[in-house]
Every structure is written in structure tokens, then in C-alpha cells.
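Can you read through this structure? Questions will come right after.
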Amino acid sequence: MSDWGGRRLHFIGIGGAGMSGLALVCARLGATVTGSDRADSSYMERLREAGLEPAVGHDAANLPEGAEVVVSTAIAADNPELELARQRGVEPIHRGQLLAELCAEKRLIAIAGTHGKTTTTAMAVWALRQIGADPAFFVGGEVPGLGADGSAANAGWGEGEWVVAEADESDASFLRLRPEVAVVTNVEMDHHARWGSLAELHEAFAAFAAPARGLVAPADEEMGWLQGAGEETIRFDGRSPGPEDLNLAVPGEHNRRNARAALAAIELAGFDAGTAAAALSGFRGVRRRLESKGTRGPVHIYDDYAHHPTEVRAALSALRELRPSRLLAVFQPHLYSRTKALATEFGAALALADEAFVLDVYPAREQPVGELAGVSGLQVAQAAAERMGGGPVWWLPSAELAERALSARLDDDRHRYGEGTVLVTIGAGDVFKLGERLVTEAAG
């Protein structure tokens with residue numbers, strides 16, 4: 001075991017899903033941990049609960065003397081803390097590098113894929129916990145029940161010999177990992193600013209899986225480019241391998257597939273898949289993945305992190321399993337590059353709803369300049385209108401306009417939204433706050 005107690009680590013962007021988990025585990029292993037983020041969040045609150053004191057706002061004064069600096073791809077080169085670190089001659093550590101360093105301490109199950117990797121990782125951790133394996137884990141979302149006191153958690157350092165980690169392809173950081181068991185849930189183009197082609201992405205996933213002894217890959221996708229990865233391979237779909245029936249509390253074919261992938265990984269790690277499958281009946285999902293937010297009158301409000309057409313389609317199909325009397329989708333596109341590439345496909349996916357409300361793009365790190373100039377959520381709304389066969393499509397550029405329009409529409413008796421109506425906010429940005437305000441406003 002490495003000497004983490006002798007290290008001082010400063011995390012720039014400590015409030016992110018991945019960065020906060022790394023910070024918590026490093027502190028648990030004895031490192032002195034500090035950090036900052038531009039805004040407060042539930043992840044920041046969890047850091048405070050663990051005894052850390054993250055700063056809100058980026059300022060050179062936040063950086064302690066003698067600290068190693070950890071950054072993610074999202075941190076701009078002109079960040080004042082990063083600039084000071086470089087002036088001091090400190091070469092920053094990418095979060096992927098630190099994750100790989102931590103994962104090298106144990107036997108690694110690494111779970112990658114364009115869709116489903118967060119939930120699959122959470123399911124694997126949940127089941128291993130329930131059968132007594134006590135793994136370390138790094139999940140890109142908050143999982144209720146994984147905290148030491150039964151609260152939500154996104155990372156932990158168990159006493160078992162295994163670590164389960166979500167492996168991120170968005171910035172190629174998953175190539176730093178050396179898994180014993182590698183899971184590839186699926187592969188599609190998503191991060192268009194990073195990967196130039198599907199062939200390039202296939203090469204990256206093949207390189208990720210190459211060190212693994214065991215490989216889990218989908219049975220119903222062409223995976224010839226993964227040839228040679230893994231001495232032992234299990235192919236999965238929504239039905240196999242493992243026990244005939246899954247008693248899952250989370251709906252959707254995509255979650256059944258996620259469960260099968262998690263069980264296959266557990267089997268390759270040497271555990272009994274049947275026992276693990278039974279343990280999954282208690283899994284209640286990951287926050288922002290078909291998360292129930294409450295109600296407004298007879299309308300049930302959910303939220304989902306989906307930000308790719310395949311994920312939007314999966315979320316709406318899962319909600320259809322609840323047999324809603326009417327399904328309303330509120331979609332916030334994420335990234336201009338993704339919206340430009342996939343606007344038509346987003347429109348087709350939203351056509352699974354009875355009514356669609358489209359917000360403008362959540363830009364994250366991008367700006368609508370150069371080849372991205374003129375890209376907006378309106379293109380998604382237009383594509384949805386073309387596919388919905390007369391179903392209502394609303395273009396509501398701002399969150400404020402969307403809140404006013406939705407509040408009025410949900411509360412107007414003329415629309416007769418009855419029992420069983422479901423509204424879901426969809427997107428990787430801040431659209432979840434809109435759903436929360438609709439519930440809060442109703443409660444107030």
C-alpha cells in the first residue's frame with residue numbers, strides 16, 4: 001500500500017462527481033486534502049460532512065504551499081490556482097492519473113461505455129457490498145445506500161481486495177487504467193470534440209480492454225474490434241447471462257442490460273452471480289437516473305441525466321413501462337458540439353413522449369463560436385416537431401420561461417392532466433433544478 005499519509009493534494013474542481021470521490025478516498029487514506037470549485041453543490045456538502053473544507057470560488061489564495069494539484073479536463077488553463085501552481089513549478093495531476101494510481105492498490109473491475117456505465121458500476125458495487133465483498137469504488141453519480149451510514153455516496157474505500165471504478169472515455173482518461181476485469185456496456189459516438197471518428201473510438205476501447213483477464217461485452221452489438229481482449233469473455237444482453245429472472249426495482253430494458261453486465265463482471269471476479277442477482281433487488285438507482293423528484297398535483301415528476309439520443313430513448317421507454325396516462329418530456333441539450341451532430345436523433349428520441357418542451361443548450365465548457373456558431377436547442381425542437389405527428393412541442397429557451405410555461409400548463413384544468421401523468425426533466429446540465437422548483441412551488 002502506498003504512503004498516502006505523506007501527501008498534500010489540492011483539487012481544482014473538487015465539487016465534481018469524479019473529483020469529489022477521489023478527494024474523499026484520498027482523505028480516507030490519510031492524505032491532506034484541500035480544494036475549490038466555482039459553485040456549491042451536494043458533492044461539496046458531502047465533502048464538508050467528511051471534515052473537509054472546500055472553497056467556493058477559484059482564487060490563487062486557495063492553493064496551499066507544497067501541494068500537489070489535481071485537475072480535470074474541465075479546468076481552464078487560465079484558472080488562477082492552476083496558474084499559480086505552474087509558476088511554482090508544480091505539474092498538475094489529471095484526475096484520470098490519480099484514479100489509476102488509487103485503482104492500482106487493488107484488483108480492478110473497470111466499467112466503461114457510452115451509456116449505462118454509472119448505473120452498471122453502482123449495481124456492481126451494490127451487489128458486491130450485499131454479498132460481503134466490501135469493495136472500494138468510484139462512481140460518477142450519487143448512489144443512495146452506499147454511504148457508511150446508509151446515505152448516498154459516490155466513492156468509498158472498502159476493506160475487500162477489489163475496487164470497482166467507472167471508466168471515462170470522454171477525455172481518454174480510461175486508457176490509464178489496468179483492469180483485471182473490463183466491462184464495455186456499448187460504444188457510440190458521443191464526445192465529438194474529443195473523438196474524430198467511431199473507428200478511433202473503437203481503437204481506444206480496445207486499448208482500454210487489452211490488459212484485462214476477463215471481458216464483459218454486449219451480445220447484440222458488433223464487437224469484432226475487441227478481438228483478443230480478455231482470456232475469458234462473457235457477452236450479455238437484457239436476458240442473459242445469469243439467473244432467469246431479475247427482480248429489479250428500477251424500470252427499463254436499459255437497466256436490465258446494466259444489471260446483466262454488472263453480474264457478468266461479478267462472475268468473472270470469482271463471485272456467485274445468482275447470489276449477487278438476488279442482492280440487486282434492493283438497488284434503488286442512482287441520483288439523476290430516473291430519479292423521482294415528487295409530485296405537482298396529479299403529475300409525477302422525474303429527472304434523468306440522459307444527454308445522448310440513445311439515453312433519451314431509453315429513459316422515455318423505461319417511463320412508458322410505468323404506463324403513464326400522458327408522458328411529458330422537458331429536454332435540455334448538453335454541449336453545442338453534441339447538439340450540432342445529433343439534433344435530428346434527439347428529435348426522434350423525444351417523439352416517444354406525448355408532449356416535448358425543449359430548452360436551449362447547456363454549454364458547459366463550450367462556446368457557440370466558429371463551427372458551433374448558430375447551434376441552439378431550437379434545432380432539436382424543430383426535429384422533434386417533425387417526428388411527433390402533431391404532438392405539442394414547445395421551444396422554451398430559458399429556464400425561467402420554461403418554469404412559467406410549465407407551471408401554467410400543469411395547473412390549468414383545461415389540459416386535464418390526470419392521475420398517472422408523468423413529467424421528466426432530461427439532460428446533463430441544470431435542468432433538474434427546474435423539476436425541483438415545480439415540486440417545491442407546488443408544495444409551497
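The values are calculated or read from the model by the stated rules, or taken from the named source; none is laboratory data. What you see is a predicted model; the values in this text were computed from it and never measured. Quick reminder, even Gly has a Cβ in these numbers, built from the backbone with ideal geometry, and neighbours come from all protein chains shown.
I need the full set of residues from region 202-248 which are modelled with pLDDT of 85 or more, out of contact with any Gly (no Cβ under 6 Å at 6 or more places or on another chain) and among the aliphatic types (A, V, I, L, M), in order please.
Matches in region 202-248: Ala204, Ala206, Ala207, Ala209, Ala210, Val216, Ala217, Ala219, Ile234, Leu248.
For (1) at pLDDT 95 or above; (2) of a type outside the set (Gly, Ala, Ser); (3) in contact with a strand residue (DSSP E or B) (Cβ under 8 Å, 6 or more places away or on another chain); (4) buried (at least 16 other Cβ atoms within 10 Å of the Cβ), each residue gets a yes or a no:
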| residue | (1), (2), (3), (4) |
| --- | --- |
| Glu345 | yes, yes, no, yes |
| Ala351 | yes, no, no, yes |
| Val358 | yes, yes, yes, yes |
| Pro392 | no, yes, yes, no |
| Glu400 | no, yes, no, no |
| Arg404 | no, yes, no, no |
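Yes/no per residue for (1) in contact (Cβ under 8 Å) with a residue 12 or more places away in the chain; (2) of a type in the set (A, V, I, L, M); (3) within 17 Å of Ala348 (Cβ to Cβ):
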position	(1), (2), (3)
Ala273	yes, yes, no
Leu290	yes, yes, no
Arg296	yes, no, no
Tyr302	yes, no, no
Ala314	yes, yes, yes
Ser317	yes, no, yes
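Checking Pro92 against (1) touching a strand residue (DSSP E or B) at 6+ places or on another chain (Cβ under 9 Å); (2) crowded, with 21+ Cβ neighbours inside 10 Å: exactly one of these is not met. Which one?
(2)
What residue, of Leu98, Leu177, Leu82, is buried (at least 20 other Cβ atoms within 10 Å of the Cβ) and assigned by TED's automatic domain parsing to the domain that holds Phe11?
Details: Leu98 fails: assigned by TED's automatic domain parsing to the domain that holds Phe11; Leu177 fails: assigned by TED's automatic domain parsing to the domain that holds Phe11.
Residue meeting the stated conditions: Leu82.
Let me ask another. Considering region 188-204 alone, what residues qualify as being buried (at least 18 other Cβ atoms within 10 Å of the Cβ) and under 17 Å from Gly140 (Cβ atoms)?
Once the filter is applied, which keeps residues that are buried (at least 18 other Cβ atoms within 10 Å of the Cβ) and under 17 Å from Gly140 (Cβ atoms), region 188-204 yields only Asp190.
Considering only residues that are under 19 Å from Leu434 (Cβ atoms) and in contact (Cβ under 8 Å) with a residue 40 or more places away in the chain, which ones fall in region 354-383?
Initially, region 354-383 is screened for residues under 19 Å from Leu434 (Cβ atoms), giving 354-364, 376-378, 380-381.
The answer is Phe357, Leu359, Tyr362, Ala364, Gly377, Val380.
Considering only region 377-426, state which residues are closer than 23 Å to Arg288 by Cα and among the β-branched types (Val, Ile, Thr).
Answer for region 377-426, where residues must be closer than 23 Å to Arg288 by Cα and among the β-branched types (Val, Ile, Thr): Val380, Thr421, Val422, Val424, Thr425, Ile426.
Which of the helices (runs of 4 or more DSSP H) found entirely inside region 29-129 contain at least 2 residues meeting this: in contact with a His (Cβ under 8 Å, 6 or more places away or on another chain)?
Values: elements: 42-49, 80-87, 95-103.
Counting at least 2 such residues, we get 80-87.
Of all residues in region 259-296, which are out of contact with any strand residue (DSSP E or B) (no Cβ under 7 Å at 6 or more places or on another chain) and closer than 23 Å to Phe432 by Cα?
Matches in region 259-296: Phe283, Arg284, Arg296.
So how many residues does region 1-23 have that are modelled with pLDDT under 95, crowded, with 17+ Cβ neighbours inside 10 Å and more than 17 Å from the chain's Cα centre (by Cα)?
Final tally of qualifying residues: 1.
Within region 145-167, is there a residue that is farther than 27 Å from Arg46 by Cα and in a loop (DSSP other than H, G, I, E, B)? It would help to see each step written out before you state the result.
Going through region 145-167, the residues farther than 27 Å from Arg46 by Cα turn out to be none.
There is no residue in region 145-167 that is farther than 27 Å from Arg46 by Cα and in a loop (DSSP other than H, G, I, E, B).
Looking only at region 28-42, how many residues end up being under 23 Å from the mean Cα position of the chain (by Cα) and either within 21 Å of Arg8 (Cβ to Cβ) or among the hydrophobic types (A, V, I, L, M, F, W, C) (or both)? I'd like the intermediate steps shown before the answer.
Residues of region 28-42 under 23 Å from the mean Cα position of the chain (by Cα): 35-42.
Still in the running and either within 21 Å of Arg8 (Cβ to Cβ) or among the hydrophobic types (A, V, I, L, M, F, W, C) (or both): 35-37, 39.
Total meeting the criteria: 4.
On to the next question. How many of the residues making up region 261-283 are of a type in the set (Asp, Glu) and over 18 Å from Ile109 (Cα atoms)?
Within region 261-283, the subset of a type in the set (Asp, Glu) is 267, 272.
Next, from what is left, pick out any that are over 18 Å from Ile109 (Cα atoms): none.
Qualifying residue count for the region: 0.
If Glu311 satisfies every condition in (1) within 22 Å of the chain's Cα centre (by Cα); (2) surrounded by fewer than 24 Cβ atoms within 10 Å (Cβ to Cβ); (3) more than 19 Å from Val422 (Cα to Cα); (4) not polar (S, T, N, Q) but one, which is the exception?
It is condition (3) that Glu311 fails.
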